[in-house]
1. At q = 0.14, 0.19 Å⁻¹, work out log10 I(q)/I(0) for region 8-152 with the Debye formula, treating every Cα as an identical point scatterer and leaving solvent out; two decimals please.
2. Taking a probe of 1.4 angstrom, what is the accessible area of Lys81 in Å², to the nearest 10?
3. Taking the Cα-to-Cβ direction at Ser91 and at Ser113 and moving 7 Å from each Cα, how far apart do the two end points lie in nm?
4. With θ set to phi - 60°, apply the Karplus curve 6.51 cos²θ - 1.76 cosθ + 1.60 along region 61-76 and write out the HN-Hα couplings as whole Hz, x wherever there is a Gly or Pro.
5. Per residue of region 2-15, what does 6.51 cos²θ - 1.76 cosθ + 1.60 with θ = phi - 60° give for ³J(HN,Hα)? Whole Hz please, x for Gly and Pro, Karplus curve as stated.
6. Can you list residues from other chains, or at least 5 along the same chain, whose modelled amide H is less than 5 Å from the amide H of Leu76?
7. Could you check which residue among Phe134, Phe77, Phe53 shows the biggest mean-square fluctuation in a GNM of the chain with a 10 Å Cα cutoff?
8. Percent of accessible area on region 67-141 owned by carbon and sulfur, 1.4 Å probe?
Amino acid sequence: MELSLADAYWQKFIEATGSDPEIKCSGDLDFESKGFGNASRVALVLAGKKTCFFSSLASYTIDGEPLPVSGELYMLFDSSKNPCAVIQIDSVSILPYNEVTWNMAEQEGEDASLEEWREKMKSYLEEEGDIVGFTFVPDIRLVFQSFTVLYK
């Protein structure tokens with residue numbers, strides 16, 4: 001039986017890193033969103049310039065999804081849906097939007113200032129809220145996830 005692209009990539013990761021063959025992938029990631037496409041974000045990850053991402057806690061709550069946990073492994077896919085990296089979540093914390101520091105936002109690798117990050121994130125959260133069913137407020141809680149690329 002032939003392995004899927006994702007399964008074959010995972011097997012290469014296991015072999016190349018000497019990881020436990022029983023270790024499981026916690027899910028897949030792509031970074032598609034309005035204004036900054038998946039290809040650009042994937043390039044930032046692969047270049048080591050993007051080492052974190054934020055998401056709304058409300059989305060996890062509304063969707064009934066569990067929060068990520070430090071140590072989980074995720075496969076990153078490019079815009080053609082091909083696997084291109086395996087990342088490990090290093091830390092997960094929850095904090096209000098209005099308490100995000102430049103040090104944290106800068107790790108996303110996308111913006112030149114905290115003000116630029118706040119403007120783009122606010123717009124993203126307003127759009128996401130319209131779709132998912134929450135309202136943006138300045139102290140909306142975000143899930144901040146930092147990660148390390150283990151294999152590419």
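The values are calculated or read from the model by the stated rules, or taken from the named source; none is laboratory data. Remember, it's a predicted structure, so these values are computed and weren't measured experimentally. Cβ atoms come from the backbone with ideal geometry, glycine included; neighbour counts cover every protein chain shown. Each accessible area value is taken on the protein alone, full model and side chains, heavy atoms only, with ligands, DNA and RNA left out. Shrake-Rupley method; radii C 1.70, N 1.55, O 1.52, S 1.80 Å.
1. With one equal scatterer per Cα and no solvent, log10 I(q)/I(0) is -0.69, -1.23.
2. Here the accessible area works out near 130 Å².
3. Label at Ser91, label at Ser113, 2.6 nm between them.
4. 5, 5, 7, x, 8, x, 5, x, 10, 3, x, 5, 10, 10, 9, 9
5. Karplus-based 3J(HN,Hα) across region 2-15 equals 7, 6, 5, 4, 5, 5, 5, 5, 4, 4, 4, 4, 4, 5 Hz.
6. The answer is Leu29, Cys84, Ala85, Val86, Ile87.
7. Phe134
8. Numbers: 1930 of 3910 Å².
C and S atoms contribute 49 percent here.
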